[in-house]
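Single-structure report; data block below.
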Amino acid sequence: MITKTLWKNLDALSLENDVLRVIILPALGGKLASVFHKKKNFELAAQNQEAFYHLPHVGDDFSRYDASGLDDAFPSIDPCESETLAAILPPEQVPHSAYPDHGEIWSSSMKNRTLPNRVILSFTSPLFPYFYQKTISLSGEKLLLEYEIRNTGETPFPCLWAFHGLVRYEEDMEFFYSSDVQSFENVLDSLELGPAGEHFFLGDSRYDFTRVPPKSSRTMVKYYVDQKVKNGFCGYRYPSQGLRCTFRYDPEKLPYLGLWITAGGFRGDYNCALEPANGYYDSIPKAAESGSLCFLKKEEPFHFSLELALTEE
């Protein structure tokens with residue numbers, strides 16, 4: 001069932017079946033403002049603590065707005081000026097516009113149309129040569145996000161995509177990974193993990209990569225699996241809620257995995273995000289340096305999907 005509704009101060013679409021209800025905000029890049037398990041009365045998505053949403057403009061500082069819901073970072077995460085790219089890329093591959101903070105999608109309004117069992121969101125960038133489409137559907141306990149990104153220009157377009165799905169923080173929650181995940185790189189100076197650039201094994205006694213920092217720590221961390229993942233499988237457990245959220249995706253399309261956690265360290269927020277991505281990591285220059293930068297070609301649209309299953313334990 002798909003209905004039009006109002007979510008705080010914004011027009012929204014509600015997509016619902018017997019198990020899940022999802023709230024979609026086309027005005028905020030198709031943000032999933034709510035992913036709600038009906039039987040368990042459980043909200044997965046990190047919530048906007050204000051009574052309304054402030055509408056951003058492309059290029060705005062992401063930190064000035066609420067950090068909530070599940071959305072996408074494209075065509076980059078970190079901002080980057082064209083002059084910086086000119087030093088590392090051939091002239092014909094350097095976009096004329098700067099890459100905005102957390103990309104362009106989160107701050108852009110998307111067109112939407114509905115079919116009997118899905119919502120289709122689309123956006124044509126005024127700054128960069130791409131067309132972006134996201135299709136959202138439900139099947140029982142599963143939420144399916146399907147993507148198509150096409151180059152509308154003539155030359156390959158350097159870009160990064162990362163899932164920016166901010167979820168509920170609970171102090172006893174746990175993370176799980178596929179069996180091939182064995183080590184991580186810290187990418188953010190923090191009290192918990194020390195200076196950026198240090199590597200840790202999964203079972204390192206200095207930090208538990210299966211748990212969140214305590215609520216009282218007032219810290220934030222970000223790290224990446226430091227090798228390509230071989231299996232597109234990871235997720236969260238909420239033991240006190242009797243639920244788990246499992247991600248499944250194609251690791252050939254999204255071979256890198258980051259994890260962001262703020263336990264009060266960023267503006268007092270509490271949320272976290274497993275972030276499958278197609279580059280390593282966060283910025284166009286870093287991905288170019290690591291040899292993981294993707295170039296979207298006109299003749300090769302980027303098709304991929306991400307499935308989230310919210311299941312009882």
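The values are calculated or read from the model by the stated rules, or taken from the named source; none is laboratory data. All of these numbers come straight from a predicted model, not from anything done at the bench. So basically every Cβ, Gly included, is an ideal-geometry build from the backbone, and we count neighbours across all protein chains shown.
Before moving on, here are some points about what is shown:
- Leading residue by the ranking (farthest from Gly69 (Cα to Cα)) among those in the range 102-153 that are more than 20 Å from the chain's Cα centre (by Cα) and among the hydroxyl-bearing types (Ser, Thr, Tyr): Thr152
- Pairing each residue of the range 180-191 that is at pLDDT 95 or above and buried (at least 19 other Cβ atoms within 10 Å of the Cβ) with any residue that is in a loop (DSSP other than H, G, I, E, B) and β-branched (Val, Ile, Thr), provided the two are 6+ apart or on different chains, yields C-beta distances under 9 Å for Val181/Val229.
- Failed criterion for Phe52 (all others in (1) of a type outside the set (Val, Ile, Thr); (2) surrounded by fewer than 18 Cβ atoms within 10 Å (Cβ to Cβ); (3) under 30 Å from Ala288 (Cβ atoms) hold): (3)
- Residues (within 16 Å of the chain's Cα centre (by Cα) and over 15 Å from Val187 (Cβ atoms)) located in the range 251-269: Pro251, Lys253, Leu254, Pro255
- Within the range 257-277, the set of residues being farther than 13 Å from Val167 by Cα, of a type outside the set (Gly, Ala, Ser) and surrounded by 20 or more Cβ atoms within 10 Å (Cβ to Cβ) comprises Leu257, Pro276.
- Which listed residue is among the hydrophobic types (A, V, I, L, M, F, W, C) and closer than 14 Å to Ile284 by Cβ, from Leu166, Leu85, Leu144: Leu85
- Test result for Leu160, under 21 Å from Pro95 (Cα atoms), touching a strand residue (DSSP E or B) at 6+ places or on another chain (Cβ under 9 Å) and crowded, with 20+ Cβ neighbours inside 10 Å: yes
- Members of the range 75-108 that are hydrophobic (A, V, I, L, M, F, W, C) and under 21 Å from Ile23 (Cβ atoms): Ile105, Trp106
- Yes/no for Glu148 being farther than 30 Å from His37 by Cα, outside any loop (DSSP other than H, G, I, E, B) and in contact (Cβ under 8 Å) with a residue 24 or more places away in the chain: no
- Among the conditions (1) part of a strand (DSSP E or B); (2) over 13 Å from the mean Cα position of the chain (by Cα); (3) not hydroxyl-bearing (Ser, Thr, Tyr), the only one that Glu275 does not satisfy is (2).
- Within the range 4-38, considering residues that are touching a residue at least 24 places away in the same chain (Cβ under 8 Å) and closer than 20 Å to Tyr169 by Cα, the one surrounded by the most Cβ atoms within 10 Å (Cβ to Cβ): Lys31
- Glu171 vs. criteria outside any strand (DSSP E or B), of a type outside the set (Gly, Ala, Ser) and in contact (Cβ under 8 Å) with a residue 24 or more places away in the chain: yes
- Some residue of the range 68-76 being touching a Lys or Arg at 6+ places or on another chain (Cβ under 8 Å), within 19 Å of Pro129 (Cβ to Cβ), touching a residue at least 60 places away in the same chain (Cβ under 8 Å) and not aliphatic (A, V, I, L, M): yes
- Yes/no for Phe128 being in contact with a Pro (Cβ under 6 Å, 6 or more places away or on another chain), among the aromatic types (Phe, Trp, Tyr) and either without any contact (Cβ under 8 Å) to a residue 40 or more places away in the chain or part of a loop (DSSP other than H, G, I, E, B) (or both): yes
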